[in-house]
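Okay, so here's the structure we're looking at.
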Amino acid sequence: MSVAIRQLATSEPGFEAEFQRVLHWSAATDDAIEQRVAAILAEVRQRGDAAVLEYTARFDGIEAESMASLELTADDFAAAYELISPAQRNALRQAARRIRSFHERQLESCGKSWSYRDEDGSLLGQKVTPLDRVGIYVPGGKAAYPSSLLMNAVPAQVAGVPEIVMVVPTPVRKDGTSNVLRGERNPLVLAAAHVAGVARAFTIGGAQAIGALAYGTATVPKVDKITGPGNAYVASAKKHVFGTVGIDMIAGPSEILVLADGSTPPDWVAMDLFSQAEHDELAQSILLCPDAGYIERVRSAIERLLPGMPRAAIIRASLEGRGALIHTRSMEEACELSNRIAPEHLEVSSNDPHRWEPLLRHAGALFLGAYTSESLGDYCAGPNHVLPTSGTARFSSPLGVYDFQKRSSVIEVSRSGAQTLGVIAAELAYGEGLQAHARAAEMRLQSKP
């Protein structure tokens, strides 16, 4: 059965309309979800732990008498770390080391306090301090994501956040028969928490977990900011609680855009397109290339490789629903289209990626060269894999150390400086009709305390 993925060409008269259809994705949350999330958050805010327990039983199938049975400790993480294989332990350690190294360099470049004195001797600057407590949401509904845990917890630690609270759902699942399995506390996720140094966690998820972190309960501490991806209920809940707490971003379906000059083995590119398509039926995988023959070879590779993929049904639905193979007139035109798309992941699969990189202005992350598969960035290259989606890379950035810090302006005006600044401030304040502002500045002209 062939894959009905769109094949477009920029030279065709109807390209623009078809291109817009490929890009279209409604970020609007279903009204029913919005209403349900609002009700859940209201219940959690009012009834705290009792509401969290009720919704965990209803949505995850986990019956618990108290939140204590849903809380994970450092001992649980250490036990899970010993349970996993030596190869998995080594992979977690190496990934964490690289992620930490990258974010420590990020801290050095942008995360330090600074100040200077001007010509009047006044001290001006910025004080950078970490958030007191953050909550990280680690998805656990359809799959386990130890990589997401590392990508959220490690930069928070590098930023100096003293307390990280993790929430991870462990819903009851069926095993393909009539048997119901207990909620699974995935050892690799808990081992990642051990490697990342997370000290406190709860096996709760969904909107109720976001509410518990945002408002606090008798058991779950209130945090200052919530980061981490989740389903539509989680995304909606984060929108609702923004303002009470900070959030990282509202993430849409995952995306990959491959910009190819035809020099990379077609199988590699086909598998890279699969790597995002397997996330979700709404994920988007697009190839831009000026070589029509190469596009056909990639399409053939897709047909040949897809039957062997365990998540073939999801990949097929994603490629047929939102995927595209686009023939461009040139690599320059491909770069222009890429900037319009502003993808989450942008692979420049070329013999000379640095020739094209200066033309690329908008992307969550750039992966340069044939050997740089997007999956390496997802797991262990070092830069963060929490990236802006749905075109928001035009104005948003990857998660980083700076998301776990806040900045306070520092102003210490000298007596000499007050004489200069006071005249300026008073003039502007009178112009705005704010006499107390003006008088407060004028009182310091040629005066001592």
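Modelled spin-label separation between Trp25 and Arg93, with each label point placed 7 Å from Cα along the Cα-to-Cβ direction: 3.7 nm.
A 23 angstrom limit on the alpha carbon distance is what I want to check against. Which of Lys112/Lys222; Lys127/Lys238; Lys112/Lys448; Lys127/Lys448; Lys127/Lys225; Lys112/Lys239 exceed it?
Values: Lys112/Lys222 26 Å; Lys127/Lys238 28 Å; Lys112/Lys448 34 Å; Lys127/Lys448 28 Å; Lys127/Lys225 19 Å; Lys112/Lys239 30 Å.
Among Lys112/Lys222; Lys127/Lys238; Lys112/Lys448; Lys127/Lys448; Lys127/Lys225; Lys112/Lys239, the Cα-Cα distance tops 23 Å for Lys112/Lys222; Lys127/Lys238; Lys112/Lys448; Lys127/Lys448; Lys112/Lys239.
Loop-located GluC sites (Glu not before Pro) across the stretch 1-94 with a Cβ neighbour count of 13 or fewer within 10 Å are Glu63, Glu65, with loop assigned by DSSP. Note on Tyr371 and Ile33: the extension gain reaches 117.6 nm, defined as 0.36 nm multiplied by sequence separation minus the Cα-Cα distance. From the alpha carbon centroid of the stretch 38-111 to that of the stretch 295-369 is 33 Å.
Each residue of the stretch 213-224 is assigned a 3J(HN,Hα), and the resulting list reads 5, 6, 9, x, 10, 4, 10, 8, x, 6, 10, 9 Hz, derived from the Karplus form 6.51 cos²θ - 1.76 cosθ + 1.60 (θ = phi - 60°), x at Gly and Pro. When you filter the trypsin sites (Lys or Arg not before Pro) in the stretch 263-345 for DSSP loop state and at most 12 other Cβ atoms inside 10 Å of their Cβ, you are left with Arg329. Between helix 312-322 and the chain there is an angle of about 70 degrees, using the helix long axis and the longest principal axis of the Cα atoms. Pairwise inverse Cα distances across the chain, averaged and inverted, put the Kirkwood hydrodynamic radius at 24.5 Å. FRET efficiency for the pair Met1 and Ser101, taken as 1/(1 + (r/R0)^6) with r the Cβ-Cβ distance and R0 = 60 Å, rounds to 0.85.
Cα-Cα pairs above 21 Å in the stretch 304-379: how many percent?
Working: 1066 of 2850 pairs.
I get 37 percent for the Cα pairs in the stretch 304-379 exceeding 21 Å.
For Gly135, nonlocal amide neighbours, meaning residues 5 or more places apart or on other chains whose placed amide H falls under 5 Å from its own, are Val165, Asp224, Lys225, Ile226, Thr227. The stretch between Glu303 and Arg355 holds 15.6 nm of extra length on full extension. This uses 0.36 nm per residue minus the Cα-Cα distance. A simple spin-label model places pseudo-atoms 7 Å from Cα toward Cβ; at Glu412 and Arg200 they are separated by 3.5 nm.
For Ala17 and Asp118 in the same chain, what is the full-extension length gain: residue separation times 0.36 nm, less their Cα-Cα distance, in nm?
Working: separation 101, 0.36 × 101 = 36.36 nm, distance 5.61 nm.
Extra length available between Ala17 and Asp118 comes to 30.8 nm.
Could you state the orientation-averaged shadow area of the convex hull built on the Cα atoms of the stretch 244-332, in nm² to one decimal?
On the way: hull surface 29.5 nm².
So the mean shadow area of the Cα hull is 7.4 nm².
Between Gly323, Gly400, Gly160, the Gaussian network model of the chain with springs among Cα atoms under 10 angstrom shows the greatest mean-square fluctuation at Gly160. With axes computed from alpha carbons, what is the tilt in degrees of helix 187-196 against the longest principal axis of the chain, rounded to the nearest 10 within 0 to 90? On a 0 to 90 degree scale, this one is about 30.
Any read-out appearing in this document is the output of simple, stated calculations on the displayed coordinates, not a laboratory observation. Quick caveat: nothing in here was measured; it's all calculated off a predicted structure. Here the Cβ is made from the backbone with ideal geometry for all residues, glycine too, and neighbour counts use every protein chain on show.
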